[in-house]
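Participant: I'd like to ask you about the structure that follows.
The values are calculated or read from the model by the stated rules, or taken from the named source; none is laboratory data. Being a predicted model, the structure only gives us computed values, none of them experimental. Virtual Cβ from ideal backbone geometry, glycine too; neighbours counted across all protein chains shown.
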Amino acid sequence: MTTHTDPPDRYTGPDGDDERLACGRLLSGVWDGWEQADPDPHRATCPYCKDAVRELTLLESTVRELREETDPAEAGYDPSALTRRVMDVVRMELRPGRPVPLGDDDEDLWVMEAVAARTLRAAAETVAGVRAGSCRVTPPDAGRGEVTVRLEVHAPLGVPLEEVAEEVRHRVAGAARLRLGLRPASVDIRIVDLVDDPAGFEEGPGDD
């Protein structure tokens, strides 16, 4: 008989994807307070909060350097928009997210959302000219069962966007099933930007 265990419970918040630090503070609250420069004696002295702020500071500094090195005239896009998109992905990587069920309902297998998202973004980028951004994997309310996937991508200019979206959806759904063991109920692809990519777009076999 299989013994079932509950998934990790240190994640809370409206979407169930906000990490609670060992000190009891929510990760999102620590980040927001630091970004708004709110005076907080706890955050200034707590080792867990200080580590969370240190990680975010390092990554934001890296993104700012990337923005400063980017020439808008040559790149063809707004560096501030680039920064926002990169930081969305950075935050997702830092925040492991909620546990997502793998396999059948009677199995006790889980993967953290950030791990699944990395695999799905990589699958999307096997489509020529596509760059993957924010990826959310939402488990069912019951805890196990089919998941929903929402992925934002940048698509190449001059190609049929409907075909690009469908090809990305096909490859992401295949990766979810075959590489991760997820059961996607739906895969929502959102094209949020167009990029000039000489590689163009080619349909491929992907994962069936």
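Participant: How many of the residues making up the stretch 26-58 are outside any helix (DSSP H, G or I) and not aliphatic (A, V, I, L, M)? Write out each step before concluding.
Facilitator: Looking only at the stretch 26-58, we keep the residues that are outside any helix (DSSP H, G or I), and these are 26, 36-40, 46.
After this cut, where a residue has to be not aliphatic (A, V, I, L, M) as well, the list is 36, 38-40, 46.
Residues flagged as outside any helix (DSSP H, G or I) and not aliphatic (A, V, I, L, M) within the stretch 26-58 amount to 5.
Participant: If you don't mind, another one. Restricting attention to the stretch 184-193, which residues are among the charged types (D, E, K, R) and at pLDDT 90 or above? Outline the logic, then answer.
Facilitator: Our first condition is that a residue be among the charged types (D, E, K, R); within the stretch 184-193, this holds for 188, 190, 193.
Within the stretch 184-193, ASP188, ARG190 meet the criteria.
Participant: Looking only at the stretch 123-149, how many residues end up being more than 12 Å from VAL168 (Cβ to Cβ) and at pLDDT 85 or above?
Facilitator: 6
Participant: Please count how many residues of the stretch 113-133 are hydrophobic (A, V, I, L, M, F, W, C) and in contact with a strand residue (DSSP E or B) (Cβ under 6 Å, 6 or more places away or on another chain).
Facilitator: Of the residues in that region, 6 qualify.
Participant: Can I ask one more? Just to verify a result, which residue in the stretch 151-188, among those that are among the acidic types (Asp, Glu) and under 15 Å from CYS135 (Cα atoms), is surrounded by the most Cβ atoms within 10 Å (Cβ to Cβ)? Even if it seems obvious, please write down each step before you answer.
Facilitator: Step one: of the stretch 151-188, the residues among the acidic types (Asp, Glu) are 152, 162-163, 166-167, 188.
If we keep only those that are under 15 Å from CYS135 (Cα atoms) too, we end up with 152, 188.
Details: GLU152: 21, ASP188: 13.
Applying the filter and picking the extreme gives GLU152.
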